[in-house]
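The structure appears right after this line, and notes come after that.
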Amino acid sequence: MTHAKSDQLFAEALKYIPGGVNSPVRAFRAVGGQPFFVNKAKGSRVWDVDGNEYIDYVLTWGPAILGHAHPKIIAAVKAAAEDGTSFGIPNPREVTLARMICKLVPSVQKVRMTSSGTEACMSVIRLARGFTRRDKIVKFDGCYHGHVDSLLVKAGSGALTFGHPDSAGVPAAFTQHTLVLPYNDIDAVKAAFGANKDQIAGVIVEPVPGNAGLYLPKPGYLESLRGVTRANGALLIFDEVMTGFRLARGGAQERFGITPDLSCFGKVIGGGLPVGALGGRAEIMDYLAPGGPVYQAGTLSGNPVAMAAGIAALEELSGRACESADGKVPPSHERSQDSYARLEQLGSLLEAGMRDAARSAGVPVQFNRCGSMFCAYFTGDPVHNLADAMKSDRDRFKKYFHGMLNEGIYLAPSQFEAGFISTAHSEADIEKTVKAAARVMRTL
Ligand SMILES: *Cc1c(COP(=O)(O)O)cnc(C)c1O
């Protein structure tokens, strides 16, 4: 596998772009080596500028749940672009996508679009504080809510990968109202509420944290978070930027049967274009400007081309059910070609194969999976939180990553990122991946 053209482009990129990339994890620093440059992606595959082909489990960090360049999304984007790429005036597609989100996610009565997940999280925190007239926010270590100043404390994703979970340039005063607790430990949450009576505006959580690898909520944990927040007059905020429309049509909240007060979305709802959103109970959402006192805005928010991509993605994912005449969405089991059943099927195939590969190679691996999200931690102990995740052998991960890349399998270039499966992945793709993993693991 040659990377001559990628290497040349990266040398050029380093001259003009800090670190050569526009988002830090892309730079491969956690695994060594240099990133490759991609100029084409289709279905489960990406092709780099040197002509190498990879089965992609990063999927543009989650959005490409239908695979890359899905024909319906491409057609929708082209059609929308022909009519103008931005108006800054209300457009009908904003209403369509908002209605779809409200129908698919039962806790969401109203929704405001942004251009990124970061913006959605930034705004949701402001809204929670404005609505409750309280300042403090609880977050969990290893959870990532975009690069929002007040939430960039013990954050996951790139912040964690590079060992700067607390970023330079964030004044201590900006995070003094942020309480950081360990995930999956409800006693810590109860203690925080006890010590900060009537001061906590809300608890923001990735219901299934996917920015420090991937770990699942312990049975009852999310229910307890719901109970404790409600009992204390605080808002429960689900950051579903990664899990929304991925773990189920209604996100992790549908999968686990929890009703948060507010939610953030991004990734999948943009169909590969820059979209974020915050939504929730109408009574809270109406606190946003122009009707309410909490300011929030965006030049490109609700952009028609981005809305078209999001609408096409959600229509395809839910079998157009959300646009049905009676306005009702039939439950998953009543429809034949269910995307989520398919993703679950592929996920369990990958899980079984990867566990087998690790076992036969004698390499201790914790393969965590929830639907079409997964992470292979190189450790012998179960991973339920950030502290557990940090015990994994990162040198082993590096070798595994490069071994898989050489086999034409692209995984996220960090131990602390989740992998994703799309509906465009085939059984043959999974089989190829598992076989490659078996070979690579024997060399670790
Ligand atoms: C990706 C992500 C974000 C940030 O979204 P951007 O679009 O990258 O700004 C926020 N929260 C979670 C849970 C994410 O996975």
So, in the range 104-152, of the ones that are over 19 Å from the mean Cα position of the chain (by Cα) and basic (Lys, Arg), which residue ends up nearest to the ligand (Cβ to nearest atom)?
ARG126
Give me the helices (runs of 4 or more DSSP H) completely within the range 83-161, filtered to those with at least 2 residues that are open to solvent by less than 20 Å² (accessible area, probe 1.4 Å) and more than 20 Å from ALA201 (Cβ to Cβ), ordered by residue number.
92-104, 158-161
May I ask you to list the residues in the range 165-188 that are in contact with a Leu (Cβ under 6 Å, 6 or more places away or on another chain) and either basic (Lys, Arg) or closer than 20 Å to VAL124 by Cα (or both)?
VAL170
Mind telling me which of the residues ALA76, ALA80 ends up being assigned by TED's automatic domain parsing to the domain that holds ARG112, touching a Pro at 6+ places or on another chain (Cβ under 8 Å) and of a type in the set (Gly, Ala, Ser)?
ALA80
Would you check which residues across the range 368-393 are surrounded by fewer than 18 Cβ atoms within 10 Å (Cβ to Cβ) and touching a residue at least 60 places away in the same chain (Cβ under 8 Å) and list them?
ALA387
If you scan the range 394-413, which residues turn out to be open to solvent by less than 70 Å² (accessible area, probe 1.4 Å) and more than 20 Å from the chain's Cα centre (by Cα)?
ARG396, PHE397, TYR400, PHE401, HIS402, GLY403, MET404, LEU405, GLU407, GLY408, ILE409
Inspect all residues belonging to the range 303-313 and state whether any of them is assigned to a loop (DSSP other than H, G, I, E, B) and either acidic (Asp, Glu) or buried (at least 19 other Cβ atoms within 10 Å of the Cβ) (or both).
yes
Would a scan of the range 246-267 turn up a residue that is open to solvent by less than 20 Å² (accessible area, probe 1.4 Å), charged (D, E, K, R) and within 12 Å of the ligand (Cβ to nearest atom)?
yes
What residue, among those in the range 184-229 that are assigned to a helix (DSSP H, G or I) and of a type in the set (Phe, Trp, Tyr), is nearest to the ligand (Cβ to nearest atom)?
TYR221
I need a count of the residues in the range 17-74 that are small (Gly, Ala, Ser), closer than 21 Å to GLU315 by Cα, open to solvent by less than 30 Å² (accessible area, probe 1.4 Å) and away from the ligand (no atom under 16 Å from the Cβ).
3
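The values are calculated or read from the model by the stated rules, or taken from the named source; none is laboratory data. No experiment lies behind these values; they were computed from the predicted model shown. Positions of Cβ are generated from backbone atoms using ideal geometry, with glycine treated the same way; all protein chains shown enter the neighbour counts. All accessible areas refer to the heavy atoms of the entire protein, side chains included, with ligands and DNA or RNA removed. Shrake-Rupley method; radii C 1.70, N 1.55, O 1.52, S 1.80 Å.
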